[in-house]
Amino acid sequence: MSIGLYGGSFDPPHRGHVELARRAKHELGLDRLVVLVSADPGHKHVETPADLRLRLARAAFPADEVVLDTHARTIDTLHAHPEWRDAVFLIGADEFADFLAWKEPDEILERVRLAVATRPGFPRQRIEHVLAGLAHPERVSFFEIEPIAVASRDLRARLEAGEDVAGELPQAVADELAREPLYPPRAGYTGAA
């Protein structure tokens with residue numbers, strides 16, 4: 001059975017996340033996808049509580065297994081789940097460009113294969129630089145996705161500014177946020193940093 005792993009903070013999950021997962025399942029022939037919602041990502045601060053992000057991710061990925069990942073680093077998650085050995089770990093090209101800075105990138109590649117979602121026009125030299133620094137570049141494959149110009153941080157800012165972002169979200173996530181605003185508008189927020 002071919003298993004895919006897709007991790008992130010999903011704060012909130014948006015159409016780009018869902019498209020990456022959909023395309024990976026199709027292109028890579030994955031039998032099962034496990035979506036890993038990072039409780040406390042080691043590389044960035046997240047204010048939205050993990051249980052709320054988990055609920056939104058379950059709404060965004062209803063056909064997949066969605067679990068809370070309590071480990072801050074990918075290698076620690078993989079150590080805790082030996083049953084995922086040789087699974088396919090999905091990441092975007094921007095994340096892959098920073099892969100050499102991850103904790104123990106070569107050991108990650110010994111445990112799982114990477115499938116990197118690229119978009120048309122992504123600078124190939126950023127990919128080549130990372131591949132050249134890996135002990136097992138043959139364990140990295142690529143698949144192309146259509147670019148969807150949306151980022152979670154921008155969506156949070158727009159939600160806090162009181163803007164409607166429903167078109168950028170999977171319908172089930174938009175419905176959840178309509179029922180319970182998890183990113184309420186800030187009084188006097190102008191969007192300026």
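The values are calculated or read from the model by the stated rules, or taken from the named source; none is laboratory data. Here the structure is a predicted model, which is why all the values come from computation and not from measurement. Virtual Cβ from ideal backbone geometry, glycine too; neighbours counted across all protein chains shown.
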Return the only residue of ARG158, ARG179 being buried (at least 16 other Cβ atoms within 10 Å of the Cβ), of a type in the set (Lys, Arg) and more than 24 Å from GLY4 (Cα to Cα). ARG158
Could you say whether any residue in segment 96-110 is farther than 18 Å from ASP76 by Cβ and surrounded by 16 or more Cβ atoms within 10 Å (Cβ to Cβ)? yes
Pull out all pairs, ordered by first then second residue, where Cβ-Cβ is under 7 Å, the residues are six or more apart or on different chains, the first lies in segment 22-42 and is within 17 Å of PRO62 (Cβ to Cβ), and the second is among the basic types (Lys, Arg) and part of a helix (DSSP H, G or I). LEU33/LYS25; VAL37/ARG53
Residues located in segment 134-159, provided they are not in a helix (DSSP H, G or I) and not aliphatic (A, V, I, L, M): HIS136, SER141, PHE142, PHE143, GLU144, GLU146, PRO147
Among the residues of segment 18-45, how many are in contact with a Ser or Thr (Cβ under 8 Å, 6 or more places away or on another chain) and either more than 26 Å from LYS103 (Cβ to Cβ) or not in a loop (DSSP other than H, G, I, E, B) (or both)? 7
For segment 92-119, name all the residues that are among the hydrophobic types (A, V, I, L, M, F, W, C), free of Cβ contacts under 8 Å to residues at least 60 places away in the same chain and in contact with a strand residue (DSSP E or B) (Cβ under 6 Å, 6 or more places away or on another chain). ALA93, PHE96, LEU114, VAL116
Which residues, taken from segment 74-95, are at pLDDT below 95 and crowded, with 16+ Cβ neighbours inside 10 Å? GLY92, ALA93, GLU95
Checking ASP154 against (1) under 25 Å from GLU27 (Cα atoms); (2) among the acidic types (Asp, Glu); (3) in contact with an Asp or Glu (Cβ under 9 Å, 6 or more places away or on another chain): exactly one of these is not met. Which one? (1)
Criterion (at pLDDT below 85, assigned to a loop (DSSP other than H, G, I, E, B) and either over 29 Å from HIS26 (Cα atoms) or not hydroxyl-bearing (Ser, Thr, Tyr) (or both)) met by exactly one of GLY162, GLY188: GLY188
